[in-house]
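For reference, the structure is listed below as structure tokens.
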Amino acid sequence: MMRKKRIAEIPQKISKKLLGSDSMLIGEEIRNLHSFIFGIYVKTGSDNEPVSQNGISHLVEHILFKGTKKRSAEQMALDIENLGGVMNAYTARDHTCFYVKSMPKNFKSIFSLFQEMIYEPLLSSEQLEKEKNVITEEIKSAYDDPEDLAFQNLNSIMFKGSPFEKTILGTEESVKSIDRKKLKKYIDEHYVNEKMFYAFAGPVDFKTAFSVFNDGQARKGNLKKEDVLKAPTIKGQFRYEFKESLQQFHIAMGATSGSFTSEDRYALMMLTSILGAGMSSRLFRILREKNGLVYTVYSFTEFFKESGVAGLYCACNEKNLSKTMKIIKSQFDDIRRNGVSDEEMEKVKNQLLTNLAMSYDSLSGRMSLLARSILYNDDVILFDDLLSRFERVTKEEIREAAEKYFDYKSFNVSVVGSRKDFKL
């Protein structure tokens, strides 16, 4: 009887090669799929912006969809969708991505349209003003969301005085100050081929894909030498923001951690999962199921090139806040002192491996893994290697991660609530 291969035993067919434009191409051929995804990545985001122009990366992302020298925004969207393309984009703190999913047979035509967006944008002053208004509404919407606001404020106290304290959206003031000249200069300095790369995943062989991506389009521009960014290590800071009419207090807590390439990130991800990922996690069971103190509680990790963040979020009634924070502290202390159980280790490994497999089984997940290889690593990140690294994490490594990062008094705390004179 033939033994079934688990997903980790199926080899990945990944290639990468420098295009004639000096942009890198990385792709994974997956023959048993029927759809295709490709992305154009630019190594710039909110971390690379001047404070006075905070939000310009996100604004560029928006404006590139608003027409080219050959096509209006409506015509561009129609032409891509007529080919079955499903397009989107996002801005992160250290990169911007434009991507589309389609049938493989239409990828060449859609790629040509995407290249037109990147290399021949109209940059209409009239459209720019409209889009600035759209983004200021987005900023207001984020401010109206107490959970979002709690995280914005957490980021501002954790990275105060560094490029990392800026938000991706920017401020109303900074966004409104950006004119067409500043926008064009930013594109000329950052949307250059040395800072761009392409990624794809799907049933197209690399040789064929390379001939499509290697289309001769290039922007050498005015490549600006980037400053070496360094994240501060700020501990134990507190920020409170009053918002009238809230029924709950919203708490975001976080501490800086190692970067995307730090070895202890695997143990840290497992630690945060044990504390607050899913209905069987420690904090969910104790805070919600046992004591009925919260409705929402979850943990998180975020890793980027220079640093990372680990922490948690919860929301509760003001009268439950003190008890909630004491329980959180007790769980931090316990896991630092006593570590985790065998049962927790088995559960969290199965949980994380399942999440990795689910991501790996999606085109977006595969392309994202390829992109992280270029953004943060010197070499290709293989799914097999990720599985293996998580499987090798020990209980002692998790306890060491807790000792290193989960000291309660070192956590920065952001609270949004409806009492004017609140103190933690």
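The values are calculated or read from the model by the stated rules, or taken from the named source; none is laboratory data. The shown structure was predicted, so the numbers you read here are calculated from the model rather than taken from an experiment. Don't worry about glycine lacking a Cβ; one is built from the backbone with ideal geometry, like all the others, and counts go over all protein chains shown.
Filter the stretch 9-59 for residues that are surrounded by 22 or more Cβ atoms within 10 Å (Cβ to Cβ) and touching a Pro at 6+ places or on another chain (Cβ under 9 Å) and give the result. Answer for the stretch 9-59, where residues must be surrounded by 22 or more Cβ atoms within 10 Å (Cβ to Cβ) and touching a Pro at 6+ places or on another chain (Cβ under 9 Å): PHE36, SER46, ASP47, ASN48, GLU49, ILE56. Of all the residues in the stretch 132-147, those that are hydroxyl-bearing (Ser, Thr, Tyr) and over 20 Å from the mean Cα position of the chain (by Cα) number 1.
Looking for something modelled with pLDDT under 95, under 22 Å from ILE26 (Cα atoms) and not aliphatic (A, V, I, L, M) - is there at least one such residue anywhere in the stretch 235-247? No - not one qualifying residue is present in the stretch 235-247. Listed by first and then second residue, the pairs with beta-carbon distance under 7 Å, at least 6 apart or on different chains, first residue in the stretch 355-370 and in a helix (DSSP H, G or I) and surrounded by 18 or more Cβ atoms within 10 Å (Cβ to Cβ), second among the acidic types (Asp, Glu) and at pLDDT 90 or above, are ARG366/GLU28; LEU370/GLU28.
When LEU382, LEU386, LEU370, LEU353 are checked against the criterion of being more than 30 Å from GLN237 (Cα to Cα) and modelled with pLDDT of 95 or more, a single residue qualifies: LEU370. Restricting VAL204, VAL212 to those that are assigned to a loop (DSSP other than H, G, I, E, B), farther than 30 Å from ASN412 by Cβ, more than 22 Å from the chain's Cα centre (by Cα) and not basic (Lys, Arg) reduces the list to VAL204. Each residue in the stretch 270-314 was checked for being in a helix (DSSP H, G or I), β-branched (Val, Ile, Thr) and over 19 Å from the mean Cα position of the chain (by Cα), and 2 of them qualify. Restricting PHE65, PHE98 to those that are in contact (Cβ under 8 Å) with a residue 24 or more places away in the chain, assigned to a loop (DSSP other than H, G, I, E, B) and over 13 Å from ILE168 (Cβ atoms) reduces the list to PHE65.
Scan SER109, SER156, SER141 and give me the residue that is surrounded by fewer than 19 Cβ atoms within 10 Å (Cβ to Cβ), part of a helix (DSSP H, G or I), touching a helix residue (DSSP H, G or I) at 6+ places or on another chain (Cβ under 6 Å) and at pLDDT 95 or above.
SER156
For the stretch 337-356, state whether one or more residues are of a type outside the set (Gly, Ala, Ser), in contact with an Asp or Glu (Cβ under 7 Å, 6 or more places away or on another chain) and either assigned by TED's automatic domain parsing to the domain that holds LEU149 or under 30 Å from SER23 (Cβ atoms) (or both). For the stretch 337-356, residues of a type outside the set (Gly, Ala, Ser), in contact with an Asp or Glu (Cβ under 7 Å, 6 or more places away or on another chain) and either assigned by TED's automatic domain parsing to the domain that holds LEU149 or under 30 Å from SER23 (Cβ atoms) (or both): absent.
Residues checked against (1) surrounded by 15 or more Cβ atoms within 10 Å (Cβ to Cβ); (2) at pLDDT below 95; (3) assigned by TED's automatic domain parsing to the domain that holds TYR99:
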site	(1), (2), (3)
PHE197	yes, no, yes
PRO203	no, no, yes
ARG219	yes, yes, no
ASN222	no, yes, no
GLU226	no, yes, no
LYS230	no, yes, no
THR233	no, yes, no
